[in-house]
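What follows is calculated from the coordinates using simple rules that are stated; it is not laboratory data. Given the structure is predicted, the values throughout are model-derived calculations rather than measurements. Cβ: placed from backbone, ideal geometry, glycine included. Neighbour counts: every protein chain shown.
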2 protein chains.
Amino acid sequence: MSAREANMGDGRTVRIGLLGSGTVGAAVIRLLHEHGDDVARRAGVHLEVVRVAVRDPGRERGLPLPEDRFTDDAGAVVDDPTIDIICELMGGVEPARGLLVRALASGKSVVTANKELLASHGEELFTAAERAGSDLYFEAAVAGGIPLIRPLRESLAGERVDRILGIVNGTTNFVLTQMSEHGWTGDEAVAEAQRLGFAEADPTADVEGYDAAAKCAILASVAFGARIVADDVYREGISAVTPQDFQDAARLGYVIKLLAIAELDDEAIAVRVHPAMIPDVHPLASVRGASNAVFVEGPKIGQLMFYGAGAGGDPTATAVVGDLVSVARNLLQGARGPGAGSTNARRVRPMDDTRDQYYLKLRVDDRPGVLAEIADRFGRNGISLERVWQEGTGEEATLSFITHRAQEGAFQKTMRELRELDAVHAVASVLRVEGEE
Amino acid sequence: MSAREANMGDGRTVRIGLLGSGTVGAAVIRLLHEHGDDVARRAGVHLEVVRVAVRDPGRERGLPLPEDRFTDDAGAVVDDPTIDIICELMGGVEPARGLLVRALASGKSVVTANKELLASHGEELFTAAERAGSDLYFEAAVAGGIPLIRPLRESLAGERVDRILGIVNGTTNFVLTQMSEHGWTGDEAVAEAQRLGFAEADPTADVEGYDAAAKCAILASVAFGARIVADDVYREGISAVTPQDFQDAARLGYVIKLLAIAELDDEAIAVRVHPAMIPDVHPLASVRGASNAVFVEGPKIGQLMFYGAGAGGDPTATAVVGDLVSVARNLLQGARGPGAGSTNARRVRPMDDTRDQYYLKLRVDDRPGVLAEIADRFGRNGISLERVWQEGTGEEATLSFITHRAQEGAFQKTMRELRELDAVHAVASVLRVEGEE
């Protein structure tokens, strides 16, 4: 008799083992306690957290759960044959990966918020779930409390989604919002974000775009039925964005956002994370602070947008509990939720083959002929210019450009050539331009 | 042996009977044809439309379906024992109600986009589905292609949603957008909407808010686990909104939108549809044309927003096919999706007991003492004023007010008293103010 049959026999309680009890884990415990009756009504069964693996079981947590349910032995939780669902909220690749593979292999279902793990070892986990006939749910791994994975996997099952574009990292959006509204430098804005708890002591994962790249990989995998890992995602963080960029952008009618973009075109997938100028009338332009917002596009559905809290204990816990209810319902009925399904062998388009618009600002010699010399380089590389303007004089002379859509490889080649020109003193700024098509 | 077991035995095809083949029905047939392989991959089974009930089976439709699948006998489709799912896209209460009750009673599952039917006879249908152990899915009934019902029923299963506020009627939003941007009258904008196919020849259901009220009732029922019908919804259409209102609103920093609002407070549900002034920086203010957008709020999740195409054949068909895939997966596994569940006995709060802010513009005598006389009436009824301003002179003299939040009953009583004052010539405008808390 499998663990599942043994425990579900009475149909009254689904037993949950929690791995990790940080902000989100504590919020899940509280939510299941406060909304327990509603949750039971919707799941058709009572959900109970029977064990919680934490680093320090003795620490006072003020949670509505008996002390003896806390343990420092995560392996024992995973191996406990009376547990039906493992809910992993510890984060990081190891030991989470090993524990979840073990849980799935023993027939347990898994709910996880672990974007880093899914974006690096998703295939291993999905294969393990498939083999065991277990559920693997992960709504909370992307965009916190915003329902996104379920709409993509279920509501849009009839659509061929071909583009996802969004703000999926709250920390950098908070930082960029502060830079935009107060004229602060990135360092000043990061310090403020740290002070307010929106950024970690080491902000690298957010600021350099690693967090957004992991989410981008997960969204592309789900939306396009493919296996995309974080390393496939072209990634640029926000550390090169300056207060001057915001001023220049504002004057042109743009704002600057860190975007995650996944595109399916001609059976190849382009995935990238980078700061971009978007028109200030674009709906994403008004997404302020730590909020997230994601556009989903397809030929039939047109444009959908999902907006909400991209992080935080309570919103993320809501997503986790939504998954727990679905998995509990499935267990109760001996059914499975939508798995990864068979995946298409789609290739990842090399970044050089993608097409985009670019904004470029150069410090240049203040003399006749320089524009012609630079424009010639663009022309030879097949890049046409939408706008060119000159500002400043003498040492302050700059030339700025917005290109038409051009091939990334051709643009980078042009950039290399421009850097070698005597007339070009420095590249003051390069930003992609999105949201205008 | 039930119909379900008989047909699902081979696990290769789920057979669908379609009732109605208008814009949405035709789009569903095309979508299943074009994306058939993707759909089968996600459902785990092939979905086939085996019969379509239409008024005139002989008419040339140019659809990728053999002519002999069309019939004018809807009853025969519903009674066909080889059919697993009835997909109802005919609209209206009868004969749809009778047909779906019959379908559910015979063990078939139902996917419907029929908001009018659900908002008037939802309880009968949910009970029939519950009794038969069948699925009843209806994502397409509210906000077209925007995933909303599934997030509410499943993703937010752990949350106590307490407020829904949105633009759920594309026709009136198109009309209001035209009025706002071109200074048109309502009649001019409705004529343009009819010319472009955004409004029906008889626009009453949209313009007077009946369509939005039906959707409001469905959203409240799903979000609050209650049984709310369209008749419970307080309803005001947009026909009293004038070009002058848009000018006045713009000067104050507001736009005018037709909102559907459902609130759960102290175990009582308030449901209402009416035009309202909202701040021009509110995210709903930028929802233009025929788009829909819905805010969902709760204590844990904060604010979520869902935005997209609220109507149209292809977006709505996407929602229908998403439901068909879920129902097919359920059939395949002998499982059921989340039903209506047990519902709470929550009362509908009488409109007089709701609280709101109000904008009021009066034509008045141009003489000292009038403001004091009017302000006195507000004060006696316990309504405090946030802003008061006077404009024009002589015959053109007006007094305008924005109240603090006040009880609807007290405001209506004040209005009756003001209309009887000699100093008050006419009520030029009354609008609720939303989105400021």
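Roughly what % of Cα-Cα distances in the stretch B:310-350 sit above 12 Å, to the whole percent? Let's see the in-between values first.
Working: 585 of 820 pairs.
That tail contains 71 percent of the Cα-Cα pairs.
Applying the Karplus parametrisation 6.51 cos²θ - 1.76 cosθ + 1.60 with θ = phi - 60° to the phi angles of the stretch B:280-285, what ³J(HN,Hα) value in whole Hz is obtained for each residue in order, glycine and proline being reported as x?
Here the 3J(HN,Hα) series is 5, 8, 5, x, 5, 5 Hz.
Is there a simple number for the mean count of other chain Cβ atoms within 10 Å of the Cβ of residues in B:32-45, and what is it?
Values: counts 1, 0, 4, 7, 1, 0, 7, 3, 0, 6, 10, 4, 4, 0.
Per residue, the number of nearby Cβ atoms from other chains is 3 on average.
Find the chain B residue whose Cβ sits closest to the rotation axis that carries B onto A, and give that distance in whole Å.
Per the B/A rotation axis, the closest residue of B reads B:Ala335, 2.
How do the peptides A:309-321, A:190-202 rank, highest first, by the average count of neighbouring beta carbon atoms within 10 Å per residue? If you can, show how the numbers build up before the last one.
Values: A:309-321: 26.5, A:190-202: 15.5.
Listed from highest to lowest mean packing, they are A:309-321, A:190-202.
Between B:Thr354 and residues 5 or more places away or on another chain, which pairs have amide H atoms under 5 Å apart, with H built 1.01 Å from N, and which residues are they?
The list, which skips near neighbours in sequence, is B:Glu408, B:Gly409.
I need two numbers for the stretch B:25-76: Rg to one decimal and Dmax as a whole number, Cα atoms only, in Å.
12.1, 34
Just tell me how shielded B:325-332 is by partners: mean number of partner chain Cβ atoms within 10 Å of each residue's Cβ, no decimals. Working shown, then result.
Details: counts 7, 5, 0, 1, 6, 2, 0, 1.
Going residue by residue through B:325-332 and averaging, the value is 3.
Mind ordering B:88-94, A:213-219 by average Cβ neighbours within 10 Å, highest first?
The densest-packed peptide leads the list: A:213-219, B:88-94.
Once both labels are modelled 7 Å past Cα along the beta-carbon direction, what's the A:Leu371-A:Ala345 spacing in nm?
5.3 nm
Amide H to amide H, which residues 5 or more places from A:Val49 or on other chains are under 5 Å from it, using H placed in the peptide plane?
Correct list: A:Ile16.
Test of understanding: ordering A:Val101, A:Val39, A:Val281 by Cβ neighbours within 10 Å, fewest first, what list do you get? Spell out each step's value before the answer.
Numbers: A:Val101 18, A:Val39 23, A:Val281 12.
Arranged by neighbour count, lowest to highest, A:Val101, A:Val39, A:Val281 become A:Val281, A:Val101, A:Val39.
Can you tell me the alpha carbon radius of gyration of the stretch B:286-341 divided by the globular rule-of-thumb value 2.2 N^0.38 Å? Provide the component values of the computation, followed by the final result.
Details: Rg = 15.4 Å, N = 56, 2.2 N^0.38 = 10.2 Å.
For the stretch B:286-341, the normalised Cα radius of gyration comes out at 1.52.
I need A:Leu418, A:Leu31 ordered by Cβ neighbour count within 10 Å, fewest first. Kindly include the intermediate steps, with their values, before the conclusion.
Values: A:Leu418 19, A:Leu31 23.
Ranking A:Leu418, A:Leu31 by Cβ neighbours within 10 Å, fewest first, gives A:Leu418, A:Leu31.
Can you tell me what share of the DSSP beta bridges in the protein assembly as shown is antiparallel? A percent to the nearest 5 is fine. Provide the component values of the computation, followed by the final result.
Working: 103 of 153 bridges.
Just about 65 percent of them are antiparallel.
Measuring label to label, 7 Å along Cα→Cβ, what does B:Arg367 give against each other copy in nm, shortest first?
Here B:Arg367 shows inter-copy label distances of 8.3 nm.
Go ahead and collect, in residue order, the members of the stretch B:253-286 whose backbone nitrogen is under 12 Å from a label point 7 Å along the Cα-Cβ direction of B:Glu386.
B:253-254, B:277-280
Where does the stretch B:380-430 land on Rg/Rh, using Cα atoms and the Kirkwood Rh? It would help to have the intermediate numbers written out before the result.
On the way: Rg = 11.6 Å, Rh = 12.0 Å.
That ratio is 0.97, to two decimals.
Express the C-alpha Rg of chain A as a ratio against the empirical globular expectation 2.2 N^0.38 Å, rounded to two decimals.
Values: Rg = 24.4 Å, N = 437, 2.2 N^0.38 = 22.2 Å.
Ratio of Cα Rg to 2.2 N^0.38 Å: 1.10.
Output needed for the stretch B:63-202: three equivalent-ellipsoid semi-axes, defined as square roots of 5 times the C-alpha gyration tensor eigenvalues, in descending order, whole Å.
Details: eigenvalues 220, 103, 32 Å².
Computed over the stretch B:63-202, the values are 33, 23, 13 Å.
What FRET efficiency would be calculated for the residue pair B:Arg416, B:Arg288, taking the C-beta separation as r and a Förster radius of 51 Å, to the nearest 0.05?
Numbers: r = 37 Å, r/R0 = 0.72.
Working from the Cβ atoms, E equals 0.90.
What are the ³J(HN,Hα) values, in whole Hz, obtained from phi via the Karplus relation 6.51 cos²θ - 1.76 cosθ + 1.60 with θ = phi - 60°, for each residue of the stretch B:414-427 in sequence order, with x given for Gly and Pro?
Ordered by residue, 3J(HN,Hα) equals 4, 4, 4, 5, 5, 4, 8, 6, 4, 5, 9, 7, 6, 8 Hz.
Past the 17 angstrom mark, what percentage of all C-alpha to C-alpha distances in the stretch B:86-159 do you count? Kindly include the intermediate steps, with their values, before the conclusion.
Details: 1128 of 2701 pairs.
In whole percent, the long-distance tail amounts to 42.
If you project the alpha carbons of the stretch B:210-343 onto their three principal axes, what span does each projection cover, largest first, in Å?
On the principal axes, the stretch B:210-343 reaches 59, 38, 30 Å in Cα extent.
What does the structure give for B:141-151 when I average, per residue, the other chain Cβ atoms found within 10 Å of the residue Cβ?
Values: counts 0, 0, 0, 2, 9, 6, 12, 3, 1, 5, 10.
That average works out to 4.
Would you mind checking the pairs B:Lys215/B:Lys361; A:Lys300/B:Lys215; B:Lys257/B:Lys361; A:Lys215/A:Lys257; A:Lys300/B:Lys300 and listing those with alpha carbons more than 24 angstrom apart? Working shown, then result.
Working: B:Lys215/B:Lys361 30 Å; A:Lys300/B:Lys215 22 Å; B:Lys257/B:Lys361 18 Å; A:Lys215/A:Lys257 16 Å; A:Lys300/B:Lys300 33 Å.
In this structure, B:Lys215/B:Lys361; A:Lys300/B:Lys300 lie more than 24 Å apart at Cα.
Determine Rg/Rh for the protein assembly as shown; Rg is computed over alpha-carbon atoms and Rh is the Kirkwood hydrodynamic estimate from the same atoms. Let's see the in-between values first.
On the way: Rg = 28.9 Å, Rh = 29.3 Å.
The Rg/Rh ratio comes out at 0.99.
Over the stretch B:113-269, with a single point scatterer placed on each C-alpha, what log10 of the ratio I(q)/I(0) does the Debye formula yield at q = 0.14, 0.18 1/Å?
Debye intensities relative to I(0), on a log10 scale: -0.76, -1.09.
When the Karplus curve 6.51 cos²θ - 1.76 cosθ + 1.60 is applied with θ = phi - 60°, which whole-Hz ³J(HN,Hα) does each residue of the stretch B:127-135 get, with x for Gly and Pro?
Values, residue by residue: 5, 4, 5, 4, 4, 8, x, 9, 8 Hz.
Relative contact order of chain B, please, whole-number percent, based on alpha carbon pairs below 8 angstrom and at least 6 residues apart. Spell out each step's value before the answer.
On the way: 933 pairs, mean separation 69.4, N = 437.
Once divided by the residue count of chain B, the mean separation gives 16 percent.
For A:Arg131, A:Arg160, A:Arg235, what's the fewest-to-most ordering of other Cβ within 10 Å of each Cβ?
Values: A:Arg131 10, A:Arg160 17, A:Arg235 20.
Placing the least packed residue first, the sequence is A:Arg131, A:Arg160, A:Arg235.
In terms of modelled amide H atoms, which long-range or inter-chain residues lie less than 5 Å from the amide H of B:Ala428?
For B:Ala428, the qualifying residues are B:Lys361, B:Leu362, B:Arg363.
Given the rule -39500 (n - 2.57) for each run of at least 4 DSSP H residues, summed and divided by the residues of the protein assembly as shown, what is its mean residue ellipticity at 222 nm, to the nearest 500 deg cm²/dmol? Please list the in-between numbers first.
Details: 28 runs with 312 residues, N = 874.
Per the formula, -11000 deg cm²/dmol.
What is the Cα centroid distance between the stretch B:77-153 and the stretch B:261-292, reported in whole angstrom?
27 Å
Using only the alpha carbon atoms of the stretch A:324-394, find the Kirkwood hydrodynamic radius as the inverse mean reciprocal pair distance, in angstroms to one decimal. Let's see the in-between values first.
On the way: mean 1/r = 0.0550 Å⁻¹.
The answer is 18.2 Å.
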